[in-house]
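Undergrad: If you scroll down you'll find the structure; I have some questions about it.
The values are calculated or read from the model by the stated rules, or taken from the named source; none is laboratory data. Small disclaimer: the values here were computed from a predicted structure and weren't measured. Please note: Cβ atoms are built from the backbone with ideal geometry, for glycine as well, and neighbour counts cover all protein chains shown.
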Amino acid sequence: MRCQPRNGHQVYIWLKNVQMCLLCDEQTDSISPICTPCESELPWLIDPCECCALPMPMSGLTCAQCTRQPPAFNEVIVPWQYDFPIDALVTRFKHQGKWPLGRLLTELLAQNLLHRFEEGLQPPDVLIPVPLSSKRMRERGYNQAAMIAHWLGQALKLPVNERLIKRVKETPAQQGLDAKARKRNLQGAFALTGPSTVTDLHIALIDDVLTTGSTADALARLLIQAGARRVDVYCLARTPKPGD
């Protein structure tokens, strides 16, 4: 039985008619299901680290961690900080099956990426979602990263491959672990199903939230070692440094 929702159909009505904002329930001023005031009040990430997108005090900076130990991925593209209401929207999408919220955030991410492509950002050859363990897939019934990847693929007209990487080791949840514990937790957790298929490709990893970047780094190293030319990360939100 296939639990993953079929991505060929839109989760909510997206027609040229009256739309109600999914955040405030007021009528929107466009065909988008979010009104302009709500969209402008989202916690947009203005000054990210040029590598991992950690929120920084000003633009053009690279965080200390990326300077000391550069990650295997090249760049993170993310529109928002993991703050209210984005944190609540992602949680409801991820853990409560509120797919319209995930679709809305993905559409806004796609608009952000299209703008970046027009400014010179190189589009990837393929989108690869971060895989979910078999146990969590059975419990949750869907992989939110795969849903984001397929919605992005439709909007950006890019191929999606959710079978290239598999999680071969059941690991405890990353939530609540520090950066070092997360790295230890991920050792040997992933494997490629067809290493030769990534040779010289520019790949974008897709996830919902980037926290320490340990998962993205582990996957990027796996892909680079298999011959990928470049690995970027596209996600919905970036958490700040603990304590900030």
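Undergrad: If I ask for residues that are of a type in the set (D, E, K, R), farther than 19 Å from residue 44 by Cα and touching a strand residue (DSSP E or B) at 6+ places or on another chain (Cβ under 8 Å), which ones from region 91-127 would you list?
TA: Across region 91-127, the qualifying residues are 94, 125.
Undergrad: For region 118-131, does any single residue satisfy the condition of being buried (at least 20 other Cβ atoms within 10 Å of the Cβ), assigned to a loop (DSSP other than H, G, I, E, B) and either modelled with pLDDT under 95 or among the charged types (D, E, K, R) (or both)?
TA: Quick first cut of region 118-131, residues buried (at least 20 other Cβ atoms within 10 Å of the Cβ) only: 124, 127-131.
Going one step further and asking which of them are assigned to a loop (DSSP other than H, G, I, E, B), we end up with 124, 130-131.
Then drop every residue that is not either modelled with pLDDT under 95 or among the charged types (D, E, K, R) (or both), which leaves 131.
Within region 118-131, one or more residues are buried (at least 20 other Cβ atoms within 10 Å of the Cβ), assigned to a loop (DSSP other than H, G, I, E, B) and either modelled with pLDDT under 95 or among the charged types (D, E, K, R) (or both).
Undergrad: Please work out if residue 170 is modelled with pLDDT under 90 and either charged (D, E, K, R) or outside any loop (DSSP other than H, G, I, E, B) (or both).
TA: When the stated conditions are applied, residue 170 passes them.
Undergrad: Please state which one of 152, 158 is under 16 Å from the mean Cα position of the chain (by Cα), hydrophobic (A, V, I, L, M, F, W, C), at pLDDT 90 or above and in a loop (DSSP other than H, G, I, E, B).
TA: Going through 152, 158 in turn, just one is under 16 Å from the mean Cα position of the chain (by Cα), hydrophobic (A, V, I, L, M, F, W, C), at pLDDT 90 or above and in a loop (DSSP other than H, G, I, E, B): 158.
Undergrad: When region 68-100 is examined, which residues are found to be in a helix (DSSP H, G or I) and without any contact (Cβ under 8 Å) to a residue 12 or more places away in the chain?
TA: Hits for region 68-100 are 68, 88, 91, 92, 96.
Undergrad: Same structure, new question: Take residue 81 and tell me if it is within 17 Å of the chain's Cα centre (by Cα) and over 15 Å from residue 145 (Cα atoms).
TA: Working: within 17 Å of the chain's Cα centre (by Cα): yes; over 15 Å from residue 145 (Cα atoms): yes.
When the stated conditions are applied, residue 81 passes them.
Listed here are the residues, each with its yes/no results for (1) under 16 Å from residue 78 (Cα atoms); (2) among the β-branched types (Val, Ile, Thr).
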position: 125; (1), (2): no, no
position: 130; (1), (2): yes, yes
position: 133; (1), (2): no, no
position: 138; (1), (2): no, no
position: 141; (1), (2): no, no
position: 145; (1), (2): yes, no
position: 160; (1), (2): no, yes
position: 164; (1), (2): no, no
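Undergrad: So for region 56-67 (the condition being of a type outside the set (Lys, Arg), closer than 14 Å to residue 237 by Cα and not in a loop (DSSP other than H, G, I, E, B)), does at least one residue qualify?
TA: Within region 56-67 (the criterion being of a type outside the set (Lys, Arg), closer than 14 Å to residue 237 by Cα and not in a loop (DSSP other than H, G, I, E, B)), the answer is no, since none of the residues qualifies.
Undergrad: Considering only region 44-53, I want to know if a residue exists there that is in contact (Cβ under 8 Å) with a residue 60 or more places away in the chain, surrounded by 14 or more Cβ atoms within 10 Å (Cβ to Cβ), on the phi < 0 side of the Ramachandran plot and of a type in the set (Asp, Glu).
TA: Within region 44-53, not a single residue is in contact (Cβ under 8 Å) with a residue 60 or more places away in the chain, surrounded by 14 or more Cβ atoms within 10 Å (Cβ to Cβ), on the phi < 0 side of the Ramachandran plot and of a type in the set (Asp, Glu).
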